[in-house]
Amino acid sequence: MNIVLVTPLYPPDIAEQARYIKETAARLAKKGHGITIVAYAHIPEKIPGVRIIAVSKRTLLPIRLIAYTKALTSAAHTADIIYAENGPSVELPVTFVSLLMRLPFVMHIGDKAAHERSAKNVFLRYIKHLAHARARAVIADMPATRPEILPFQPVSLAEHAAYDTSWETHINSLTEIFTHV
């Protein structure tokens, strides 16, 4: 399956959503899926076997949205599904491209702060409503947080096993959703 991951944050950004998209892409690629990431990024971190299309955050908003929409349209030509991280700068282009190309997409609510900000602004709330209405599924679950490894502290193998198990469960759940959408 060819999957396009769409995100407003990607490493080297340090937000949890950036790490989530990178880990999701790496794990889906290991399962044999064709993965393309379309991200707002300046110098994105590479992942073996994953194509990354970066749109600079350093341009004016209207130009950036147009460039992002063009990049997403280009990536979506070979896609079976789009998996989008929430945020108005992604929700607007993904809704437009999904309608234009008649391509299903799944929305992930990974950035709770952006989700709450969208509820307070009429224009952003409208964009969010359009995206959620068009999405085939809206999910909010996240795998466990990666255990921190500290110097001179014992490493908990049980925590790492639970982390890997939660990711395996999450990726299997996503794959199931993608195949039935």
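Sorting the segments 1-14, 20-33 by their mean number of nearby beta carbons within 10 angstrom, highest to lowest, gives 1-14, 20-33.
Segment residue 1..residue 45, full-extension length gain: 13.5 nm, with 0.36 nm per residue of separation and the alpha-carbon distance subtracted.
Once every DSSP H run of n ≥ 4 in the chain is given -39500 (n - 2.57) and the sum is divided by its residues, what mean residue ellipticity at 222 nm do you get, rounded to the nearest 500 deg cm²/dmol?
Result for the chain, helices only: -16500 deg cm²/dmol.
Please identify every one of the chymotrypsin sites (Phe, Trp or Tyr not before Pro) in the stretch 96-181 that sits in a loop by DSSP and has no more than 13 other beta carbons within 10 Å of its own beta carbon. Here the sparse-neighbourhood loop sites are 152.
Per-atom-type breakdown for the chain gives carbon and sulfur 60% of the accessible area (1.4 Å probe, protein chains only).
For the pair the stretch 29-64 and the stretch 91-167, the centres of their Cα atoms are 16 angstrom apart. Measuring from label point to label point, each 7 Å out along Cα→Cβ, what is the residue 176 to residue 120 span in nm? That separation, rounded to one decimal, is 3.7 nm.
The values are calculated or read from the model by the stated rules, or taken from the named source; none is laboratory data. All figures in this text were calculated on a predicted structure; none of them were measured in a lab. Note: ideal-geometry Cβ built from the backbone for every residue, glycine included; neighbour counts use all protein chains shown. When the accessible area is computed, the model is the full protein with side chains, heavy atoms only, and any ligands, DNA or RNA have been set aside. Shrake-Rupley method; radii C 1.70, N 1.55, O 1.52, S 1.80 Å.
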